[in-house]
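I have placed the structure first, in the form of structure tokens, so that the comments after it can refer back to it.
The values are calculated or read from the model by the stated rules, or taken from the named source; none is laboratory data. Please read these numbers as outputs of a predicted model, since none were measured by experiment. Note that we place each Cβ from the backbone using ideal geometry, even for glycine, and neighbour counts take in every protein chain shown. In case anyone asks, the SASA skips ligands and DNA or RNA and just uses the protein heavy atoms, side chains included. Shrake-Rupley method; radii C 1.70, N 1.55, O 1.52, S 1.80 Å.
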Amino acid sequence: MSLENGRNTAAVVLEPIPAYSGKRFSLRLEYDASRIRSPWWTPIVSIILALLLCALFIAANGMNPVMVYEKMFRGAFGTAYGLTETMVKAIPLLLCGLGIAVAYRISVWNIGAEGQLTVGAMAATAVTIYFPNLSSFWSLSLMLLFGIAAGALWGLLTAIPRTHFGVNELITSLMLNYVALLALDYVVFGPWKDPKGFNFPGSPMFTSAQSLPVLGSTRLHIGLLFGLIAVVIYYLMIRFTKWGYELRLIGANPVAARYAGIHIKRHIIIVMLISGGLAGIAGMAEVSGVTHKLMQGISPGYGYTAIIVAWLAKLNPLGLIVTSVLFGGLIVGGYSVQTIGLPSSISEMLQGSILFFLIAGDMIYRFRIRHSRVQLKGGR
Amino acid sequence: MDFTTQLLIAAISAGTPLLLATLGGILNERAGIIQLGAEGLMLMGAVTTCIVYIRSGNLLLALLATVTITAVLGLLHSFLCVTLRANQTMSGLAMTLFGSGLSAYLGKPISGIPLPGTSPKLHLVWLENVPVIGKIFGNMDYLTWFSLLLVLALHLLIHRTSWGLHLRAVGDSPATADVMGIRVQLIRYSYVIIGAALIGLAGADMVLAYAPTWNEGLTAGRGWIAVGLVIFARWNPLRALFCAYFFGALDSLGFRIQLLGSAVPPYFLKMIPYLVTILVLMYLGYRNRNKPSGTPESLGVPYIREQRF
């Protein structure tokens, strides 16, 4: 144990020190708890290592990993169409990732973005079904409002058990994901099913007044602006408001924050409302901007991917934009390898292993290798 | 057979995977390591069983492979959480994401192919002739019997042996245990690995006794329900038995109500286990608000020798 530099360090001895006296060279692995901020390149290294690991699985399947990765990359970033598709996928990731990042700031582990997105999409669709003849402006505003409200409500359902009943929010938010997906199944197979849809589960197509404007002839819709505006607001709020300061304080030291008189329960509820609301916007943007109707599988796991997006960005707003585009590309790339007979779950596998390497990398960085000459006593 | 007996049989069959996963979770968390990767481990267990069983036709080999693969994943989790002291929540989430992605990838070629057989039933003639319970026991396969024996064994292990004392000490106060000469890291590693293997067996039981073919995302959140059940059972194997069968009953009750021609859409019946998990945890939280919950005291806190908190 060394406290000489005021650091709280503990040592793991790699090499057993021999039991005879004399000067010996020893190699020690020391844990340095003060190295909390890992460098900017750990995400990059973890992505590379994850690519290498998954290359093994792809090779085991009899495919050439280089070829597969090239195919994925070309599919996602190589063409103008691929690039806009990547951006389309990045929109829900950015919005959900931002919501998750807000919650993670104070260690509220929201993994319910998937469900919050789903109920947001359902609420937006409810507007098109129950108020079909509104003007474009009113219809879209109401859809947005309903999407936010539904997502926030779903977030609240996670927050209340946590604050008032001490229930782990991980379990609650995940259970609510399954509930939301079952509710989605119910409405698309039941009351909202399109009578002219040839018995295919899904709501009627949205009218053009109920669809978000798109860029030119691409599928890239105005939801991108929602995401970017939300990122700017998030940055300003965290950086310059009292609320943001309190959030940062809770994140840094919850015990100190409580002694300072910060109402942590209230913050958990606010944070979950925001988190759910942002995922709700993502859901609204998906139905209104991309699919133009409510159907099964509205989200190919955006809510889960967004967890990695937020973690990879280290909750940094600018980083969120970069990582959500990257992961949007990963999803599109996953689709493009289906043409050569590989399942798109390759991208899910990559996402999981990126997260593994990332959390391992952040911790490995805290260990230092220390060489020292030690004087040994008590020989025989 | 009357409705109750059928329900009990169904509850046991649906409850066994939950029970195995819950027992695995209890072992993990008694040692102080949170295991949120249960869903991913169950999926990996299920897909490994399917692949090996379909390719080799040998059930024993399939179970052996399942235990090995999930134990390796448990080793990975314990390396991250014990040696590297990584965030246990994040490591569990990564396990779930990686497990569901990898299982979908590996399982694609065998998706929808029926398994060559189910888990064989253990026929105990003397027990089957007992009037009411005979029918129930007659329907139990080897894995179910194994899970029952495991409940008893783990109960005795945790509460009646010195190994169990060491396990509890490591979960409650690793620093004290360390001072007493108990090898904290070794114990944490072993129980996380054994726990992961049990959760893998739960996945195997899912495909062998419950759903006879592999489908992507086959466990449908049962791993997460098991994570909830660990809390519900208050880290106690005997309670885990009742909790798992209770949830097994809920699971199959929905299905049975549907068969009886109920007007309630099946989607709402399928929601029951998820909603009940939340409500039960809320009730427990409310009831135990001023009492110790039975949580191992150092759950989720990485142990660093010589560090003061």
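A few points about this structure:
- Within the range B:24-71, the set of residues being of a type in the set (A, V, I, L, M, F, W, C) and closer than 23 Å to B:VAL301 by Cβ comprises B:ILE26, B:LEU27, B:ALA31, B:ILE33, B:ILE34, B:LEU36, B:ALA38, B:LEU41.
- Residue check for A:THR305: open to solvent by 10 Å² or more (accessible area, probe 1.4 Å) and of a type in the set (S, T, N, Q): no
- Looking only at the range A:351-368, and only at residues there that are surrounded by fewer than 20 Cβ atoms within 10 Å (Cβ to Cβ) and out of contact with any Asp or Glu (no Cβ under 8 Å at 6 or more places or on another chain), the one that is farthest from the other protein chains (Cβ to nearest Cβ): A:TYR365
- Within the range B:120-164, the set of residues being open to solvent by 70 Å² or more (accessible area, probe 1.4 Å), aliphatic (A, V, I, L, M) and farther than 27 Å from B:GLY200 by Cβ comprises B:VAL125, B:VAL132, B:ILE133.
- Residues being crowded, with 17+ Cβ neighbours inside 10 Å and not in a helix (DSSP H, G or I) - total across the range A:63-79: 1
- The listed residues are A:GLU348, A:GLU286, and the only one of them that is in a helix (DSSP H, G or I) and within 14 Å of chain B (Cβ to nearest Cβ) turns out to be A:GLU348.
- Verdict on A:ARG266 being of a type in the set (Lys, Arg), open to solvent by 30 Å² or more (accessible area, probe 1.4 Å), under 17 Å from A:TYR234 (Cα atoms) and assigned to a helix (DSSP H, G or I): no
- Filtering B:TYR303, B:TYR274, B:TYR283 for residues that are part of a loop (DSSP other than H, G, I, E, B) and either within 12 Å of another protein chain (Cβ to nearest Cβ) or open to solvent by less than 30 Å² (accessible area, probe 1.4 Å) (or both) leaves a single hit, B:TYR303.
- Verdict on B:PRO116 being farther than 21 Å from A:ALA60 by Cβ and open to solvent by 60 Å² or more (accessible area, probe 1.4 Å): yes
- Tally, over the range A:289-331, of residues that are within 12 Å of another protein chain (Cβ to nearest Cβ) and among the polar types (S, T, N, Q): 2
- Looking only at the range B:240-255, and only at residues there that are farther than 17 Å from B:GLY195 by Cα and modelled with pLDDT of 85 or more, the one that is surrounded by the fewest Cβ atoms within 10 Å (Cβ to Cβ): B:PHE242
- Only one of the listed residues (A:LEU153, A:LEU157, A:LEU181) is touching a residue at least 40 places away in the same chain (Cβ under 8 Å), under 18 Å from B:ILE272 (Cβ atoms) and open to solvent by 50 Å² or more (accessible area, probe 1.4 Å). That residue is A:LEU181.
- Among (1) in a helix (DSSP H, G or I); (2) crowded, with 20+ Cβ neighbours inside 10 Å; (3) of a type in the set (Gly, Ala, Ser), the one test that A:GLY319 misses: (2)
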